[in-house]
1. When you go through (1) in contact (Cβ under 8 Å) with a residue 12 or more places away in the chain; (2) on the phi > 0 side of the Ramachandran plot; (3) out of contact with any Gly (no Cβ under 9 Å at 6 or more places or on another chain); (4) not assigned by TED's automatic domain parsing to the domain that holds Ala26 one by one for Leu146, which number turns out not to apply?
2. Go through the range 122-136 and give me each residue that's without any contact (Cβ under 8 Å) to a residue 40 or more places away in the chain and among the small types (Gly, Ala, Ser).
3. Kindly list, by first and then second residue, each pair from a residue in the range 99-121 that is small (Gly, Ala, Ser) to a residue that is surrounded by fewer than 18 Cβ atoms within 10 Å (Cβ to Cβ), limited to pairs with Cβ atoms under 6 Å and residues at least 6 apart or on different chains.
4. Which of (1) modelled with pLDDT of 90 or more; (2) farther than 24 Å from Arg90 by Cα is the odd one out, the single condition Gly49 does not satisfy?
Amino acid sequence: MSEQNLQSPPEGDEAPFVDDGRTDKAADFLRDVLYAMGMRCQVHIEDPGDNDHPSDICLQIEGPDAGRAIGKRGQTLGALQYIVHRFINRAGLPKRHVLVDAEGYTARREDSLAAMAQRLGQQAIADNKIITFEPMSPRDRRVVHLALVKFPGVTTQSQGEGADRRVQIIPVRR
């Protein structure tokens, strides 16, 4: 055994993630919910992405009714993610983040929001006016903020409370 393996991990490093069986339970639960909703879909477990934590539970919905599972602006998908999250994260267990997607909707939505944010950032600069988005989910607001964090000439800010919270693109005065 090498000397490196005998040493304790450096400060700040986490112990490697050990699967606790909740990923399979989450997938089975989501399958049951979709079946109860009358949707013809399959649920696949995916490995967490590069930007995700190793303990994240990533579930992908595919099939003829996957579009119905997305819903208007991803609302049904968000609700499914919420109930799976509540089912998996019982009291006394370490919290695990749940990500539910359907046929790549989340990535397409994030790309679309980021592109729109940059177009509106240019418009805010050109018109020298604050642009305010419609109310958004916390995840969508985060996408807009990150899309404009290094965008020269504008800053972003969230305004409002709860479900009425929205992002403002504010041109920077020179």
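The values are calculated or read from the model by the stated rules, or taken from the named source; none is laboratory data. Fair warning: this is a prediction, and the values are worked out from it, not measured in the lab. Every residue, glycine as well, gets a Cβ built from its backbone with ideal geometry; the counts of neighbours run over all protein chains shown.
1. (2)
2. Passing the criteria: only Ala126.
3. Gly121/Phe151
4. With (1) modelled with pLDDT of 90 or more; (2) farther than 24 Å from Arg90 by Cα applied to Gly49, the lone miss is (1).
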